[in-house]
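Read-outs throughout are calculated quantities, based only on the coordinates presented, and are distinct from any laboratory measurement. As the structure is a prediction and not an experimental result, all values here were calculated from the model. No Cβ is skipped: glycine too gets one built from the backbone with ideal geometry, and neighbour counts run over all protein chains shown.
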Amino acid sequence: MTSSSLPRTGFYSDQPWPDDKGVHINAHGGGILFHDGVYYWFGEHKISGDEAEVGVHVYASSDLYNWKDEGIALAVSEDPQSEIAKGCIIERPKVIHNARTGKFVMWFHLERKGKGRKDGVSGVAVADAPTGPYVYQRAVRPDAGVWPLNVTEQQKAGLEEAQKLLGTAFWGSPHPDRAKMDFLGRDFHGGQMAKDMTLFVDDDGAAYHVFSSEENSALHISKLSDDYLSHSGQWVRIFEYLWHEAPALFKRDGRYWMLSSHCTGWNPNTARSAVADSIWGPWTELGNPCVGATPKQKLGPALTFGGQSTHVLPVQGRPGAFIAMLDVWRPEDHIKGGYIWLPVKFEKDRYTLEWRGCWDLTVFDRPTS
Ligand code: GAL
């Protein structure tokens, strides 16, 4: 069996992944919603550059190997005045289902057209059916005027000074000059910057928006309102000045686990893992979860096998089984971006991601911890 045979019976790391029409799946920076027996994979429909020319693509599957093209879930607008006008940047879309309202809610990182990558807002869209069409609601800077639950008195006292940073543009990666700059205070009134992101729904139905903020120097975990359409005002900031991107959250045995990356743009870097007993923390970093043989020179476990995290998927019907989803970015021609999916292997107080070129769900028949 090769990666191009249909129907597919396995996962093939960073090989072309044809949909039901034989076209390489175009759902980058994506996430998966499971609803009524079907998995829905949402992701960035890439053409060649960073800009959104089409929107958010959705595919459906019942076995995770074979995906049916369900079209564009959220389309960019032809109206140049729209906040999601063609040519904006839409990244890392994630969809969750609200059991109370019956609605499907999509959040994504949005850079409105013409603002470069300095905008750092979150877009939200809503649909009545999982495949859409999603109707764009608005762009928000989360948690304006609300301090996090774990704010310090010192941070509050620094608010006036922090305002001097307003209007200053940075390039979201570590730099000695901005080692301890007060971006939290800078964005207090206008709302917090929100870039790489994920959504997580807890067992009690509460949903959380987890995003790189403060010029990527910290992660924010912000509880959404009951209808999932806004932020509740309850939030924490974690990993201050530790510069995380590409967060993915999952829960196993009552503990919260995270997979994320460093900040090196489209270039691969070392993956990061973390654990907490409460979603509000404290979160403990566990280091690089990637292990195993190096598939290609320089793209081994130290560089996440060439990938970057986007989502960790609970496998339905197999309690405790999770798949880490990684993107292999190809910024020179984004449409060629690949996917690496790996089983999450739990050890006592950590988890690992081991390189596999080809595998299937029977790996979960063998206990992983
Ligand atoms: C990455 C980020 C991607 C995209 C890219 C742009 O670090 O994870 O989602 O924003 O930077 O350079």
>> Suppose R0 equals 41 Å. What FRET efficiency, 1/(1 + (r/R0)^6) with r the Cβ-Cβ distance, do Ser48 and His175 give to the nearest 0.05?
In response: 0.90
>> Considering only C-alpha atoms, what is the centroid distance from region 19-97 to region 226-245, in Å?
In response: 24
>> Sequence gap at least 6, Cα distance under 8 Å: using those rules, report the relative contact order of region 1-143 to the nearest whole percent.
In response: 17
> For all pairs of alpha-carbon atoms in region 133-249, what percent lies in each bin of width 5 Å, listed from the first bin to the last filled one?
Replying inline: 2, 11, 21, 25, 20, 11, 6, 3, 1, 0
>> Test of understanding: what is the full-extension gain from Leu165 to Thr264, defined as 0.36 nm times their sequence separation minus their Cα-Cα distance?
In response: 33.3 nm
> Each residue of region 70-87 in order: what ³J(HN,Hα) in whole Hz does its phi give by Karplus 6.51 cos²θ - 1.76 cosθ + 1.60, θ = phi - 60°, with x for Gly and Pro?
Replying inline: 9, x, 8, 6, 10, 8, 5, 9, 7, 7, x, 7, 5, 5, 10, 4, 3, x
> D for region 223-304, whole µm²/s, Stokes-Einstein with Kirkwood Rh over alpha-carbon pairs at 37 °C and 0.692 mPa s: what number?
Replying inline: 227
> GNM on the chain, C-alpha springs below 10 Å: top fluctuator among Trp266, Trp67, Trp41?
Replying inline: Trp266
>> Assuming 0.36 nm per residue, please report the length gained on full extension of the stretch Asp69 to Asp128 beyond their Cα-Cα distance.
In response: 19.4 nm
> Using the Cβ atoms and a cut-off under 10 Å, what net charge is assigned to the surroundings of Ser309, where Lys and Arg are +1 and Asp and Glu are -1?
Replying inline: -2
> At q = 0.10, 0.24 Å⁻¹, what is the log10 ratio I(q)/I(0) for region 1-100, with the Debye formula run over Cα points and no solvent?
Replying inline: -0.30, -1.25
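For the chain, what relative contact order do you get, as a whole percent, if you take Cα pairs closer than 8 Å and at least 6 residues apart?
About 13 percent, as a whole number.
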> What percent of all Cα-Cα pairs in the chain falls in each 10 Å bin, counting up from 0?
Replying inline: 5, 25, 36, 25, 7, 1, 0
